[in-house]
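First the structure, in the form of structure tokens, and then the observations on it.
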There are 2 protein chains.
Amino acid sequence: MPELVGNVLVGQSGGPTAVINASIAGVVAEALNHGCIEEIYGTLNGVLGILQEDFIDLASESQQTIRGLRHTPGAALGTCRYKLKKQADFERVLEVFKAHNIRYFFYAGGNDSQDTADKISKLAAQQGYELRVIGIPKTIDNDLPVTDHCPGYGSVVKFVGTTVRELACDAEAMGQHDLVTILEVMGRNAGWIAAGAAMAKRRDHPHDAPHLIYLPEVAFSTEKFVADVQRVLKREKYCMVVVGEGLVDSDGNYVSAAEATDAFGHAQLGGAGDYLASLVAQHLPNVKARVSKPGHPQRAAAHAGSKTDADEAYMAGQAAVKAAIDGESDVMITLVRGETDHYTCETGLAPLSDIANGVKKLPREWINEDGTSMNHQFVRYVQPLIQGETPVPYENGLPAFAKLDKVRVDKLLPAYEL
Amino acid sequence: MPELVGNVLVGQSGGPTAVINASIAGVVAEALNHGCIEEIYGTLNGVLGILQEDFIDLASESQQTIRGLRHTPGAALGTCRYKLKKQADFERVLEVFKAHNIRYFFYAGGNDSQDTADKISKLAAQQGYELRVIGIPKTIDNDLPVTDHCPGYGSVVKFVGTTVRELACDAEAMGQHDLVTILEVMGRNAGWIAAGAAMAKRRDHPHDAPHLIYLPEVAFSTEKFVADVQRVLKREKYCMVVVGEGLVDSDGNYVSAAEATDAFGHAQLGGAGDYLASLVAQHLPNVKARVSKPGHPQRAAAHAGSKTDADEAYMAGQAAVKAAIDGESDVMITLVRGETDHYTCETGLAPLSDIANGVKKLPREWINEDGTSMNHQFVRYVQPLIQGETPVPYENGLPAFAKLDKVRVDKLLPAYEL
């Protein structure tokens with residue numbers, strides 16, 4: 001493979017996670033090892049930054065800052081949900097890449113982002129512009145195909161599992177067979193995160209919280225829910241329910257606590273958690289329901305993050321650079337689990353087009369027959385992903401996170417109309 | 001002081017916290033040092049357990065378990081909100097104490113619990129039954145009078161501050177001067193917890209999140225809120241708002257996102273956070289608002305707890321036993337801050353009746369004139385309380401908490417009708 005001399009551009013896209021910055025740290029650290037890489041740029045807010053030439057010089061950041069990214073949540077370069085649509089957008093991307101001699105493009109994101117990277121890669125090839133494009137997996141939703149799991153997932157499961165354990169201590173102190181504690185977690189289309197709450201059960205303690213998990217994969221039935229809760233409350237002083245925000249009824253419609261509107265018709269209040277609470281109020285006299293909805297903090301909870309997850313995200317960033325140097329392009333880094341009992345994880349490669357158009361569903365056979373608990377296959381799959389604690393440094397009593405200096409790269413082209 | 005030989009009873013009451021169990025550990029550890037203490041009992045669910053003779057033998061728990069209580073959230077003995085009302089209830093308490101030769105009663109709780117302890121103490125004195133009653137302060141609300149601060153407060157502030165920092169990383173990645181992130185925290189009657197979010201700002205970074213804090217102490221005005229948010233969004237890419245659940249309007253009524261009802265008239269949805277989001281939707285076109293409402297997990301978040309807080313809770317438990325041995329009674333342990341610049345904390349004593357009828361308000365002079373930020377006096381007050389990280393042990397990727405064996409003490413009396 002002939003050496004390709006030029007500049008690196010790295011970007012982030014989609015929802016932030018606790019570990020997407022670790023992947024950027026991996027890209028920067030590895031890029032510094034290769035003489036054929038001249039500049040290391042970051043694009044602000046993903047493809048938006050490319051269209052607008054909003055680049056920063058990552059090589060000028062301090063080593064301390066880059067190291068700090070390994071435990072800093074969010075997306076330090078900024079992210080976007082902008083989708084390149086028009087042909088003109090794609091042409092502009094290439095024009096900007098040529099102007100800045102970008103020869104290596106790394107994009108961390110989920111399905112949509114990998115689709116964007118794929119299209120950019122194919123257009124460059126078509127125009128004969130030598131460009132190596134490598135995707136880096138990122139999503140708390142754990143729904144990318146091919147890869148064994150996705151950076152970001154282990155950390156959100158660790159936080160949710162921690163929260164279930166702590167909330168269980170709280171509920172156990174209060175309940176007298178009359179308390180339902182509902183935790184609504186993220187996951188609009190799949191139950192990967194809600195299922196992960198099952199990790200809170202200690203080994204050989206099947207009656208530990210969470211007692212009931214409601215997943216988008218299992219059509220919701222009010223009758224079954226009421227019976228489930230009654231059964232648990234007979235046995236336990238409290239019933240802990242975990243529900244994914246994307247819970248659907250048998251017609252495939254999202255359940256939601258009524259069409260609540262304020263005086264102005266705004267604000268659609270109440271999701272799956274509030275809905276379940278309303279069912280308790282309606283069907284179970286003398287039982288109290290309370291709802292916690294951690295929301296976005298759960299995907300940013302680096303202080304309770306998985307070291308395994310952060311390390312793998314870093315490794316994926318490094319692997320992306322190595323693969324590009326080796327001449328690979330139009331592929332995404334995947335995580336490949338070793339086949340031995342002792343967990344190991346290496347990186348692999350998969351065509352971007354395979355990632356862009358697929359979705360990995362939570363296997364139905366990992367859900368127990370009751371529809372509200374997970375079996376040992378699921379536990380075996382997730383267990384290694386939550387191991388180790390991210391070594392977040394504390395300063396004055398709170399976690400200290402890295403902030404980029406963001407030294408701007410000069411713009412070389414006329415402005416572009418979005 | 002003549003030696004009083006007999007048994008200890010310790011109980012917990014009110015809402016659980018991240019450190020109330022540390023106080024129990026302190027009581028047990030200290031009680032073992034004194035020969036005049038024969039048995040160490042715990043009452044299950046506070047006064048309810050007394051009325052029903054539901055006692056456990058704490059001395060029979062393993063040392064590992066008692067040590068584990070120092071970082072276990074919730075209330076391991078169970079708690080209650082039952083208020084002793086009838087004279088018969090109080091008579092029953094004394095009858096049970098006499099039957100089990102309880103001579104030392106330690107009660108960890110907030111105002112109501114200290115009031116209960118006070119009444120029990122006075123009745124015993126009146127009846128000539130020698131009993132030493134010591135209250136142990138406990139509340140995340142930090143509203144007990146006399147004591148400098150309350151065990152439980154430092155940990156909830158540390159968790160809220162951590163959450164604000166992480167959520168800020170997430171919001172900063174997404175916002176383009178068009179995103180309002182609202183975090184609703186606990187605190188029905190006072191803004192101590194919401195104010196604590198101010199600790200998330202780094203020193204000399206006044207523009208750090210949280211940008212706006214809305215407190216129950218400052219009457220809410222929609223016009224000012226809209227103007228506040230607009231001002232922040234001009235300067236910052238996102239606006240982070242922290243609001244206490246007890247926000248009130250100028251008439252003193254709780255604000256709430258409309259009278260949302262489901263088809264059955266149940267479920268009063270939406271609190272202060274949802275209300276602020278509805279105002280954004282209504283008054284600020286093209287600005288998106290999102291709400292996180294961590295709920296009860298915030299008061300149980302031992303994994304992000306303050307070591308200072310947990311250590312002081314333990315110390316308060318020890319001090320309660322020492323004071324009782326010294327002949328004190330009808331008092332609560334207080335935390336007394338040293339007067340030097342270097343933070344120190346000792347315990348003191350205050351009459352239970354002073355605690356039961358007072359409330360410590362967040363000083364108005366610690367809130368800046370803008371009504372939405374805290375001044376340096378507040379920061380200086382809270383800073384020491386969040387220092388150090390509770391050393392929670394991890395097992396298989398998640399925090400491992402202590403569970404009591406709960407060996408029951410034989411009942412000696414006929415059952416009591418509640």
Cα shape, region A:143-253, gyration tensor, a/c 1.5 rule: oblate
For region B:51-105: rounded, prolate or oblate by the Cα gyration tensor [a/c cutoff 1.5]: oblate
Under 21 Å from the Cα of B:Lys85 - lysines, other chains or at least 8 residues apart: B:Lys98, B:Lys119, B:Lys122
C-alpha long axis of helix A:272-283 to longest principal axis of chain A, angle in °: 10 degrees
Degrees separating the helix A:111-126 axis from the principal Cα axis of chain A, which is the longest one: 20 degrees
Rounded to the nearest 20 debye, dipole of the protein assembly as shown from Cβ charges on Lys, Arg, Asp, Glu: 140 debye
C-alpha long axis of helix A:87-99 to longest principal axis of chain A, angle in °: 50 degrees
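Nearest-5 percent of antiparallel DSSP beta bridges in the protein assembly as shown?
35 percent
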Number of partner chain Cβ atoms within 10 Å, mean per residue of A:300-306: 6
Pairwise FRET efficiency - B:Val336 versus B:Glu38, Cβ, R0 = 25 Å, nearest 0.05: 0.20
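So how strong a dipole does region B:370-418 carry about its Cα centre when Lys and Arg Cβ are +1 and Asp and Glu Cβ are -1, to the nearest 20 debye?
140 debye
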Average beta-carbon neighbours from other chains, 10 Å sphere, peptide B:365-378: 0
Relative contact order, percent, region A:21-162 [alpha-carbon distance under 8 Å, six or more residues apart]: 18 percent
Using a 7 Å Cα-to-Cβ projection, A:Pro393 label spacings across copies, nm, ascending: 3.0
Antiparallel bridges, percent of DSSP beta bridges restricted to chain A (to nearest 5): 35 percent
HN-Hα J in Hz across region A:237-246 - Karplus 6.51, -1.76, 1.60, θ = phi - 60°, x for Gly and Pro: 6, 8, 10, 9, 10, 10, 10, x, 4, x
5 angstrom amide H check on A:Thr347, placed H, neighbours 5+ away: A:Val336
B:Val10 long-range amide H proximity, modeled H, under 5 Å: B:Tyr41, B:Gly42, B:Thr43, B:Phe106
Other-copy label distances relative to B:Lys122, 7 angstrom Cα-Cβ extension, nm: 8.2
Contour excess over end-to-end distance, with Cα ends at B:Asp370 and B:Gln176 and 0.36 nm allotted per residue: 67.4 nm
Lys/Arg +1, Asp/Glu -1 at C-beta; region B:97-180 dipole; positive extreme among B:Phe159, B:Gln127, B:Leu179: B:Gln127
Theoretical gain in end-to-end length, B:Ala99 to B:Gln64 [0.36 nm per residue, Cα-Cα removed]: 9.6 nm
Prolate/oblate/rounded call for region A:1-52, Cα gyration tensor, a/c under 1.5 rounded: oblate
Packing-based ranking, highest mean first, of A:303-310, A:211-218, B:183-190 given that Cβ atoms within 10 Å are counted: A:303-310, A:211-218, B:183-190
Average other protein chain Cβ within 10 Å of Cβ, residues A:391-398: 6
Debye-sum result for region A:235-390 in log10 I(q)/I(0), which assumes one identical scatterer on each alpha carbon, at q = 0.10, 0.13, 0.18, 0.21 Å⁻¹: -0.61, -0.95, -1.32, -1.45
Computed helical MRE - 222 nm, the protein assembly as shown, DSSP H runs ≥ 4 contributing -39500 (n - 2.57), nearest 500: -10000 deg cm²/dmol
Residue-wise HN-Hα coupling along region B:208-216, computed from phi with Karplus coefficients 6.51, -1.76, 1.60 (Hz; x: Gly, Pro): 5, 5, x, 7, 9, 10, 10, 10, x
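Going down the table (A:Lys86/A:Lys411; B:Lys234/B:Lys288; A:Lys83/A:Lys293; B:Lys158/B:Lys307; B:Lys138/B:Lys201; A:Lys237/B:Lys403), which pairs top 20 Å between alpha carbons?
A:Lys86/A:Lys411; A:Lys83/A:Lys293; B:Lys138/B:Lys201
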Residue-by-residue Karplus 3J(HN,Hα) for region A:17-26, coefficients 6.51, -1.76, 1.60, Hz, glycine and proline x: 9, 6, 10, 5, 5, 5, 5, 5, 4, x
Cβ-vector label at 7 Å, A:Asn357, separations to other copies in nm: 7.8
Full-stretch length increase - A:Val359, A:His207 - with 0.36 nm per residue and alpha-carbon distance subtracted: 51.5 nm
Electrostatic dipole magnitude of chain A [Cβ: Lys, Arg +1; Asp, Glu -1; Cα centre; debye, to 20]: 540 debye
Alpha carbon centroid spacing (whole Å) that separates region A:84-122 from region A:136-152: 21 Å
Packing-based ranking, highest mean first, of B:409-415, A:406-412, B:343-349 given that Cβ atoms within 10 Å are counted: B:343-349, A:406-412, B:409-415
Long-range HN-HN contacts of A:Val242 with modeled amide H, under 5 Å: A:Leu183, A:Leu212, A:Ile213, A:Tyr214
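Read-outs: derived from the displayed coordinates by stated rules, not from any lab. Keep in mind the model is a prediction, meaning the values are calculated, not measured. So basically every Cβ, Gly included, is an ideal-geometry build from the backbone, and we count neighbours across all protein chains shown.
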